[in-house]
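Worksheet: one structure, shown below.
Each reported figure results from applying straightforward, stated rules to the coordinates on display, with no laboratory input. Being a predicted model, the structure only gives us computed values, none of them experimental. Note: ideal-geometry Cβ built from the backbone for every residue, glycine included; neighbour counts use all protein chains shown.
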Amino acid sequence: MYQARFRVENELAVITGGGRGIGLACAAALGEAGARLVIIEMDEQVGHAGREELAVKGYDAEFLAGDVTSSARMTEIADLLATQGRPASILVNNAGIGHSGVSSEDVSDEQWLRMMDVNVNGVFWCSRAFGRHMIAARRGAIVNLGSMSGTICNRPQPQTPYNVSKAAVHHMTRSMAAEWAQHGVRVNAVAPTYIETPMVMANPDNRDRIGIWLHDTPMGRLGQTHEVASAVLFLASDAASLITGAVVPVDGGFTCW
């Protein structure tokens, strides 16, 4: 009984930013659990590479090009899938950006607006577009990628725009969950710590930061993409059927201190 509830057999799962990193891990987790996959990427090369990697593992995966900051494109994709008789029943809002290291007094208008456009507007456009079809079907699960930074203020790097954007994602999660529960649609979020991805490790600015990050983490290590993906799979599955409006920390205990 219980093991079967973690399966998402034949559900159509859409993962934004699903071509690499955490998004690709989420796609793989959902694929292994039986879902059909659609990954959305702005960069076509990344999207095709991600789809091929999923296909090699034997997962039913499709790539569609799209920028989450375009509400028209996200609506077009959601409507297209529904018209084809395969509306998404799972949405993972993973696409996001995470620039840091600029003090608030030096943040430009362009930097602020870009962060909000991708991390906040993008999550809303996608949730609205796919959520409409979930409401019509009276079933669905949305999992947003928040961050522990939506709860705490990071150090040593300043990153007010990012922190604010993720706090907005957390409250958007709760607000939509409260609205859409009556329609059979669950909305949750995960809030990861620093995750060991090639992008994080390749950033030279992080070399002097990692020691401080680990000192501030009770478990004393960075997270792995599969650890985030496992939490996403749980929230997307019927194993979490009574959970909505939750922001689940996947942070090695960072927010305990």
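Using alpha carbon centroids, what distance separates region 241-257 and region 122-170, in Å? Comparing the Cα centres of region 241-257 and region 122-170, I get a distance of 14 Å. Taken about its Cα centre, region 1-109 carries a charge dipole of roughly 580 debye when the Cβ of each Lys and Arg holds +1 and the Cβ of each Asp and Glu holds -1. Ordering 166, 57 by the number of other Cβ atoms within 10 Å of each residue's own Cβ, fewest first, gives 57, 166. Using a cutoff of 8 angstrom between alpha carbon atoms and counting only pairs six or more residues apart, the relative contact order for the chain works out to 20 percent. Treating r as the C-beta distance of residue 117 and residue 3 and R0 as 45 Å, the FRET efficiency rounds to 0.65. Angle, helix 160-180 long axis vs. longest principal axis of the chain, Cα atoms, 0 to 90°, nearest 10? Orientation of helix 160-180: about 30 degrees from the principal axis. Neighbour counting of Cβ atoms within 10 Å sorts the residues 201, 116, fewest neighbours leading, into 201, 116. For the chain, a crude dipole built from +1 on the beta carbon of Lys and Arg and -1 on the beta carbon of Asp and Glu, taken about the Cα centre, is about 780 debye to the nearest 20.
Taking 37 °C and 0.692 mPa s as conditions, region 182-230 diffuses translationally at an estimated 257 µm²/s according to Stokes-Einstein applied to its Kirkwood radius (Cα pairs).
If the chain linking residue 60 and residue 224 were pulled fully straight, counting 0.36 nm for each residue of separation and taking away their Cα-Cα distance, it would gain 56.6 nm.
With only Cα atoms counted, region 127-175 has Rg and Dmax values of 14.1, 46 Å.
Distance from the alpha carbon centroid of region 1-49 to that of region 214-233 works out to 19 angstrom. Give the residue from 214, 182, 144 lying farthest towards the positive end of the charge dipole for region 117-257; charges sit on Cβ (+1 for Lys and Arg, -1 for Asp and Glu) and the dipole is referred to the Cα centre. The residue sitting most towards the positive pole is 182. Note: region 1-77, Cα convex hull, 88 Å³ per residue. Here, region 100-227 has an Rg and a Dmax of 16.6, 50 Å when only alpha carbons are counted. Relative to the longest principal axis of the Cα atoms of the chain, the long axis of helix 122-137 makes an angle of roughly 20 degrees. Determine the shape class of region 46-130: with a ≥ b ≥ c the square roots of the Cα gyration tensor eigenvalues, call it rounded for a/c under 1.5, and otherwise prolate if a/b is greater than b/c, oblate otherwise. It is oblate, given that a/c is not under 1.5 and a/b is not larger than b/c.
If you plug the beta carbon distance of residue 137 and residue 167 into 1/(1 + (r/R0)^6) with R0 = 35 Å, you get a FRET efficiency near 0.70. The ranking of 2, 59 from fewest to most other beta carbons within 10 Å of each one's beta carbon is 2, 59.
Distances between every pair of Cα atoms in region 3-250, grouped in 5 Å steps from 0 to the bin holding the largest one, split as 1, 7, 14, 19, 21, 17, 11, 6, 3, 1, 0 percent.
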